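The values are calculated or read from the model by the stated rules, or taken from the named source; none is laboratory data. Small disclaimer: the values here were computed from a predicted structure and weren't measured. Ideal geometry is used to build each Cβ from the backbone, glycine not excepted, and the neighbour counts take in all protein chains shown.
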Ligand SMILES: Cc1cc2nc3c(=O)[nH]c(=O)nc-3n(C[C@H](O)[C@H](O)[C@H](O)COP(=O)(O)OP(=O)(O)OC[C@H]3O[C@@H](n4cnc5c(N)ncnc54)[C@H](O)[C@@H]3O)c2cc1C
């Protein structure tokens, strides 16, 4: 028995699972416990009691019902690329991993939809839709491993939010299993449905604390006819924002507007062994992707680009001449997170600010960190067009992890105080999980958190599903 009265895992429960489910349904193999008990955050010690791999919604339903009877706690788990510790099992929970539920249905070219199981890998969905010149516009560097269920449970963002919005916008219907085994079919494939509260929305971004997503009907969008990708060197973050304003008010459709500092670019250069697209270095860089239809020739962009240089909005720049060159330019942005992780131990933050406050916030941030944390080297990059900044801090060489963690905790408090001052969010897209739980009050009121707890009680009265994530 643990402190909240739930049984962690017992021999009797294990025996029952083994008799009621297929022979390969449950594992207690130590290597698999370690692999499936963690996500990308790595710094939590995984300690699940078992991992189960259902193949159908019916198996998920029977299993959750059994867990409710035995009061066993369950952690839903997808591709385990999460950066908030949401899929981590540190307290003897059973991990329910969706990997075997990865069927992808047929594309409906009239409705522009596709029905998939929750374990379908994000990139596999893109590949299935590509021959129809359609896509599910949820796109980021971890798409080769992340799963649709995980994307929905985190309401994932990524590099295309500025154009298409969050995952929430691209989910029509959901199938969800509750802890008591009930299977909910929410909204089917309806575009319009004003019949009371939209329950589907509760589960999008719920980080697995309300129910297990087992299937989804996804909305698709036509793939843009042409993508023009540019990489610019600019004077500083102020210049990044000036450029953003200019591009946003141009007649061209922005597909992505991403930024990174020179420290980030140097990290990618070192790890990926790639040459930057131009010789000199610049304090900050912008990756710009514009969508263009076939009827608009490339040349229409030229006067616009000339103006950017003439007005001093950019210092240097390059325009990809082929899809291969475009991919190479994207490497400088998409390779940042992984490259930093390869170079050292990194503490990550994922904050957002109202776009209009970014300039003042960044000035305040630079000043505060120069005075209070001069020993920390920060790497700033992100989806600047959405006001979303990833602020990573590298552990200085020779430091013990414990000392680094303590300093980062203090630095986080300073950072989140600034975020609060500018009415931002301590988690723009990665979620709360375990990582941001203690800092939730910087972005949400006590009243809001209390309402979240009440909603959880409705769906999971015994508190067995993903316990301790988002709030206690
Ligand atoms: C290199 C890199 C780049 C990234 N870039 C971005 C980015 O740009 N934008 C962004 O938003 N994220 C980004 N991420 C974070 C991560 O990829 C996303 O949060 C992703 O949506 C998680 O999907 P997953 O399948 O890996 O989920 P997991 O990590 O397995 O789980 C995440 C959360 O969802 C829950 N969950 C998983 N599956 C289910 C299910 N079927 N039902 C109910 N709950 C479930 C888990 O319990 C957990 O709380 C990045 C990660 C990496 C490693």
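Observations on the structure shown:
- Taken together, the residues in the stretch 101-142 that are out of contact with any strand residue (DSSP E or B) (no Cβ under 8 Å at 6 or more places or on another chain) and under 30 Å from residue 427 (Cα atoms) amount to 7.
- Being within 16 Å of the ligand (Cβ to nearest atom) and in contact with a helix residue (DSSP H, G or I) (Cβ under 8 Å, 6 or more places away or on another chain) is a property that residue 72 has.
- Looking at 197, 174, just one residue is over 16 Å from the mean Cα position of the chain (by Cα) and part of a strand (DSSP E or B), and that residue is 174.
- Of all residues in the stretch 339-359, those satisfying the criterion of being part of a helix (DSSP H, G or I) and over 20 Å from the mean Cα position of the chain (by Cα) are 343, 356, 357, 358, 359.
- Candidate set from the stretch 131-148 (those that are more than 9 Å from the ligand (Cβ to nearest atom) and touching a helix residue (DSSP H, G or I) at 6+ places or on another chain (Cβ under 8 Å)); member that is farthest from residue 171 (Cα to Cα): 144
- Residue check, residue 28 in contact with a strand residue (DSSP E or B) (Cβ under 9 Å, 6 or more places away or on another chain), outside the structural domain of residue 402 (by TED's automatic domain parsing), over 22 Å from residue 460 (Cα atoms) and buried (at least 18 other Cβ atoms within 10 Å of the Cβ): no
- Selection count where residues are more than 14 Å from the ligand (Cβ to nearest atom), in contact with a helix residue (DSSP H, G or I) (Cβ under 7 Å, 6 or more places away or on another chain) and either assigned by TED's automatic domain parsing to the domain that holds residue 289 or within 26 Å of residue 70 (Cα to Cα) (or both), scope the stretch 163-212: 2
Residue by residue, here is whether (1) within 13 Å of the ligand (Cβ to nearest atom); (2) on the phi > 0 side of the Ramachandran plot; (3) in contact (Cβ under 8 Å) with a residue 60 or more places away in the chain holds:
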position	(1), (2), (3)
14	no, no, no
49	no, no, no
62	no, no, yes
79	yes, no, yes
104	no, no, no
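- Residue 128 satisfies every condition listed in (1) near the ligand (Cβ under 8 Å from one of its atoms); (2) part of a helix (DSSP H, G or I) except (1).
This table checks each residue for (1) in a loop (DSSP other than H, G, I, E, B); (2) surrounded by 17 or more Cβ atoms within 10 Å (Cβ to Cβ).
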{"site": "12", "(1), (2)": "no, no"}
{"site": "17", "(1), (2)": "no, yes"}
{"site": "64", "(1), (2)": "no, yes"}
{"site": "67", "(1), (2)": "no, yes"}
{"site": "83", "(1), (2)": "yes, yes"}
{"site": "86", "(1), (2)": "yes, yes"}
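- Every condition in (1) out of contact with any helix residue (DSSP H, G or I) (no Cβ under 6 Å at 6 or more places or on another chain); (2) within 16 Å of the ligand (Cβ to nearest atom) holds for residue 232 except the one numbered (2).
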